[in-house]
Amino acid sequence: PLVTDGVVIGSGAADEGVTWENDTTDNGIALPADVRATGYAAERYTARWYVTRTDYPALRAWIYARRGQFAPFWLPSWSTDLRNVARSGVSLTADNYDTHEGHIVAEISGTLHPRAVVSAVKSGGRWTITPATPLPAGAIARVMYLRRVRFAADRIEFRHAAGQGVSVAVQCVQVPE
């Protein structure tokens, strides 16, 4: 499933970071040694929602459907990740691109269009990005990175405020595709 509701609360800022999970081995003879538990970094993200009371049941049902099952979903970054995007045939050209990202989502006329990236080549200071399938016609509002994540929280708390909406923040971790 693709998250189509913006994950924004307050200023919209979210702390992101890359962490390596380590196991510490202490045999009592030498100094304790840290050993990587996994072969890839755990990218952690915070997904935040602020909804009205009428939209709260749908969000709660969606979150509970993924809680405790390690059910992954696709989470857009909800920012303008690619700058100065232009169409070039079936490809896109942009000023920047992160080669570690394998999926993008383009917002065209208020609709999200997720695409896998087939190739990304830098030439002349600009990136040429080729999606797996062409994007539909229309003005591109923004292009975001799309990440496959799962919840990394054992407990999820919904904050209710009298006469206001409901907010929730959930830690997510990126999972392999």
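When the range 139-177 is limited to residues that are assigned to a loop (DSSP other than H, G, I, E, B) and within 11 Å of PRO72 (Cβ to Cβ), the one that is least open to solvent (accessible area, probe 1.4 Å) turns out to be VAL175. Scanning the range 97-107 for residues that are open to solvent by 30 Å² or more (accessible area, probe 1.4 Å), in a loop (DSSP other than H, G, I, E, B) and free of Cβ contacts under 8 Å to residues at least 40 places away in the same chain yields THR99, HIS100.
With respect to the conditions (1) touching a Leu at 6+ places or on another chain (Cβ under 7 Å); (2) loosely packed, with under 14 Cβ neighbours inside 10 Å, ILE129 falls short on a single one, namely (2). Residue pairs whose Cβ atoms lie under 6 Å apart, sitting 6 or more positions apart in sequence or on different chains, and linking a residue in the range 152-177 that is free of Cβ contacts under 8 Å to residues at least 24 places away in the same chain to a partner that is hydroxyl-bearing (Ser, Thr, Tyr), are ARG159/SER167.
For GLU101, the conditions (1) within 13 Å of the chain's Cα centre (by Cα); (2) under 23 Å from VAL51 (Cβ atoms); (3) not polar (S, T, N, Q) all hold with the exception of (2). Look at (1) touching a residue at least 24 places away in the same chain (Cβ under 8 Å); (2) open to solvent by 60 Å² or more (accessible area, probe 1.4 Å); (3) touching a strand residue (DSSP E or B) at 6+ places or on another chain (Cβ under 7 Å); (4) on the phi < 0 side of the Ramachandran plot and you find that VAL118 fails only one, number (1).
The values are calculated or read from the model by the stated rules, or taken from the named source; none is laboratory data. Everything numeric here is computed off the predicted structure, so don't read it as measured data. When we count neighbours, we look across all protein chains shown, and the Cβ atoms used for this are built from the backbone with ideal geometry, even at glycine. These area figures cover heavy atoms from the full protein model, side chains too; ligands, DNA and RNA do not enter into them. Shrake-Rupley method; radii C 1.70, N 1.55, O 1.52, S 1.80 Å.
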